[in-house]
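Data block below; observations after.
Only the coordinates and a few stated rules stand behind these numbers; no lab work does. Keep in mind that what you see is a predicted model, and the values were worked out from it rather than measured. Note that we place each Cβ from the backbone using ideal geometry, even for glycine, and neighbour counts take in every protein chain shown.
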Amino acid sequence: MAKTKQRFCVDCLFCKVSAKSTKNNRLCYCSESKSEKNHKEKHWIEKKVCGDFLDMC
């Protein structure tokens, strides 16, 4: 059985880097979310993927 790569929110095409980011503090948001609340990149790395996950594969 082939091992599947684990996916994170930051791997999703809907995950965008905020213009409010700095070199040492990347802020990201989900472009599909209605609130567009910025979170530190660590939040999106730890968050489970949702049903709207979209990647290049």
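The table below gives the values:
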{"quantity": "Helix-derived mean residue ellipticity, 222 nm - over the chain, DSSP H n ≥ 4, -39500 (n - 2.57), to 500", "calculated": "-2500 deg cm²/dmol"}
{"quantity": "Relative contact order computed over the chain (Cα-Cα under 8 Å; 6+ residues apart), in percent", "calculated": "40"}
{"quantity": "Test item: Cα-centred dipole of the chain, Lys/Arg +1 and Asp/Glu -1 on Cβ, debye", "calculated": "260"}
{"quantity": "Environment charge at Val49 (Cβ cut-off 11 Å; Lys +1, Arg +1, Asp -1, Glu -1)", "calculated": "0"}
{"quantity": "For the chain, with +1 on Lys and Arg beta carbons and -1 on Asp and Glu, the positive-most of Asn25, Gln6, His43 along the dipole", "calculated": "Asn25"}
{"quantity": "Local electrostatic count, Tyr29, Cβ distance below 9 Å [Lys/Arg +1, Asp/Glu -1]", "calculated": "+1"}
{"quantity": "Cα gyration tensor shape for the chain, rounded if a/c is under 1.5, else prolate or oblate", "calculated": "prolate"}
